[in-house]
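Let me begin by presenting the structure, written as structure tokens, before commenting on it.
The values are calculated or read from the model by the stated rules, or taken from the named source; none is laboratory data. Predicted model, so just to flag it, every value in this text is computed and none were measured. Counting neighbours? That spans all protein chains shown, and the Cβs are built from the backbone with ideal geometry, glycine included.
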Amino acid sequence: MRQEQVADGKIQADGNGGARDGAHSGPDREDTAHSAPGGEEGHEALTVSYERLRHSTDEEELHEFARHPLPDRSDQAAFSRFTALLEAVAGNAHTPVDDRVFLAGTMPFPNILVKLSQDVEPAVRRAVAANTADKNWLVGLLTKDPDPSVRAAALVNPMTSWKMRLEGAEDPRTDRVTLAFLSELGVDREPDAPAVLASMVRRAVALNPNTDPAILDRLRTDPSGEVARAASGR
């Protein structure tokens with residue numbers, strides 16, 4: 001496989017005259033490219049590059065693409081093309097797990113994070129769940145992941161909605177460390193959080209059968225009367 005075919009070169013910008021930060025899913029242009037990561041100049045249509053990377057079994061090529069620095073945003077065409085192709089790399093099971101974890105934890109692009117949130121490896125989904133660049137709806141989905149470590153990472157992500165935090169605080173499967181984190185919201189953590197919403201989460205922690213007794217003792221003196229009464233009734 002010719003290394004120079006891995007494309008991060010220039011194409012025409014999108015219809016609005018700019019790059020799209022990886023917000024689209026998959027390629028939709030037939031432009032040509034040049035200047036691949038670590039390679040010489042070459043030409044390849046975007047859709048061809050995307051499909052080749054999506055089905056590649058060359059782990060070294062996939063690794064190199066995953067770790068290659070993003071083009072400068074000032075080069076809108078190259079940036080748009082590269083982030084589109086990263087989606088193909090992210091969705092390829094032959095991309096080394098460490099590289100998929102790296103992309104899941106560092107990329108801010110929704111199309112790439114959505115792809116990685118469906119990865120078969122819990123470590124990859126966990127990295128997405130912890131990524132503070134997540135949209136709240138995506139991290140919300142991961143609070144329902146079958147793997148407990150993924151759910152825990154999502155519940156402590158500041159992008160998680162209060163609705164998902166409340167449901168996590170109510171879930172008896174939630175681990176004690178995560179419940180301890182949720183029990184501090186609006187008091188020791190995020191003191192400027194909406195008082196009513198934060199107290200609802202703490203009250204749910206007080207009622208959760210999996211909450212550590214030491215956390216219950218603290219919640220019995222919570223500044224919210226509803227939280228304190230819920231904890232005292234246990």
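Key figures
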quantity: Of all residues in segment 120-138 being in a helix (DSSP H, G or I) and touching a Pro at 6+ places or on another chain (Cβ under 9 Å), the one that is nearest to residue 100 (Cα to Cα); calculated: 122
quantity: Of all residues making up segment 209-223, the number that are charged (D, E, K, R) and in contact with a Ser or Thr (Cβ under 6 Å, 6 or more places away or on another chain); calculated: 1
quantity: For residue 73: the one exception among (1) more than 26 Å from residue 165 (Cβ to Cβ); (2) within 12 Å of the chain's Cα centre (by Cα); (3) of a type outside the set (Ser, Thr, Tyr); calculated: (2)
quantity: Tally of residues being closer than 19 Å to residue 48 by Cα and either surrounded by fewer than 19 Cβ atoms within 10 Å (Cβ to Cβ) or among the polar types (S, T, N, Q) (or both) across segment 78-110; calculated: 6
quantity: Criterion: hydroxyl-bearing (Ser, Thr, Tyr), crowded, with 23+ Cβ neighbours inside 10 Å and in contact with a helix residue (DSSP H, G or I) (Cβ under 7 Å, 6 or more places away or on another chain) - qualifying residue of 211, 221; calculated: 211
quantity: Flag for residue 129 being touching a residue at least 12 places away in the same chain (Cβ under 8 Å), hydrophobic (A, V, I, L, M, F, W, C), out of contact with any Ser or Thr (no Cβ under 7 Å at 6 or more places or on another chain) and in the same structural domain as residue 64 (by TED's automatic domain parsing); calculated: no
quantity: Hits in segment 194-206 (condition: surrounded by fewer than 17 Cβ atoms within 10 Å (Cβ to Cβ) and closer than 16 Å to residue 168 by Cβ); calculated: 197
quantity: Cross-chain or 6+ apart pairs with Cβ under 8 Å, segment 83-96 first and closer than 16 Å to residue 118 by Cβ, then assigned to a loop (DSSP other than H, G, I, E, B) and aromatic (Phe, Trp, Tyr); calculated: 86/109; 87/109
quantity: Helices (runs of 4 or more DSSP H) lying entirely in segment 165-234 (those with 1 or more residues that are under 20 Å from residue 153 (Cβ atoms)); calculated: 176-182, 195-207, 213-219
quantity: Check on residue 143, surrounded by 21 or more Cβ atoms within 10 Å (Cβ to Cβ), assigned by TED's automatic domain parsing to the domain that holds residue 214, touching a Leu at 6+ places or on another chain (Cβ under 8 Å) and polar (S, T, N, Q); calculated: no
quantity: Restricting segment 53-110 to residues that are polar (S, T, N, Q) and not in a helix (DSSP H, G or I), the residue that is nearest to residue 123 (Cα to Cα); calculated: 95
